[in-house]
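Scroll down for the structure; my scribbles are underneath it.
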Amino acid sequence: ALGVKEGQMESISAFEMMDLDGDGTVTKKEYDQFVLERAKSQSMPLTFTQKAQVVMRGAVEMFGFGFTDNTIMLTCGAAIERALGPTFGITGFAAAACGNLISDSCGVVSTTTINNVTAPFLPDIGLSETQERFASTQALAQTGQIGGVMVGGVFGCWP
């Protein structure tokens, strides 16, 4: 409609949002007000729900790493200790360290896979780029990640 080409609709919508008096022109005052309101909306503090979702997303991301890391470290460490310990005099700690090298690599791969599988099921938090850069947002994400690693690590102690 109105000779609008594909891809131009977003531009028209933004123009119409800036044209506060609907006269078909955007004055400097209208533009400045639009920019100010948009900046305010992008830097709004996170709601309680958004904060909880940031923590939960971080926890889900790192649960898989903690689980995989501990499971593989314990399994590989025990296998290395049994297979190489008596022959080469490798201690249990050295075998665990070797198992940890293997498990860390597997944990990184599993984290990417788990993120790809779980992403469609996690709600879109709806943060602006500004909100994502807040120090408080980063701290919440890290809190969730630490919790996820710890709980995943406990579950990964089963072998």
Computed over the chain, protein heavy atoms only, probe 1.4 angstrom, the accessible area per residue in square angstrom equals 67
Taking only protein heavy atoms and a 1.4 Å probe, the highest-to-lowest accessible-area order of Asp21, Asp124 is Asp124, Asp21
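Divide by every residue of the chain the summed helix terms, -39500 (n - 2.57) for each DSSP H run of at least 4, and state the resulting mean residue ellipticity at 222 nm, rounded to the nearest 500 deg cm²/dmol.
Working: 6 runs with 119 residues, N = 159.
Helix-only estimate at 222 nm: -25500 deg cm²/dmol.
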Of the convex hull drawn through the C-alpha atoms of the chain, the volume per residue in Å³ is 169
Here P(r) for segment 114-153, Cα-Cα distances in 10 Å bins, as whole percents, is 25, 46, 28, 1
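Counting only protein chains, not ligands or nucleic acids, how are Met56, Met18 ordered by accessible area (probe 1.4 Å), most first? Don't jump to the answer; show the numbers that get you there.
Numbers: Met56 110, Met18 35 Å².
These residues rank, largest area first, as Met56, Met18.
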Connecting every pair of Cα atoms under 10 Å apart in the chain and solving the GNM, the largest mean-square fluctuation among Glu37, Glu132, Glu16 falls on Glu16
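Could you work out what % of the accessible surface of the chain is carbon and sulfur, using a 1.4 angstrom probe and leaving DNA, RNA and ligands out of the count?
Numbers: 7110 of 10710 Å².
Of the solvent-accessible surface of the chain, carbon and sulfur hold 66 percent.
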extent check for segment 64-131: Cα max minus min per principal axis, descending, whole Å, gives 57, 23, 12
Relative to the chain, whose Cα atoms define the longest principal axis, helix 9-18 and its Cα axis are tilted in degrees, nearest 10, by 60
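The values are calculated or read from the model by the stated rules, or taken from the named source; none is laboratory data. Everything numeric in this text was worked out from a predicted model, so none of it was measured. Note: areas computed on protein heavy atoms with side chains; ligands, DNA, RNA excluded. Shrake-Rupley method; radii C 1.70, N 1.55, O 1.52, S 1.80 Å.
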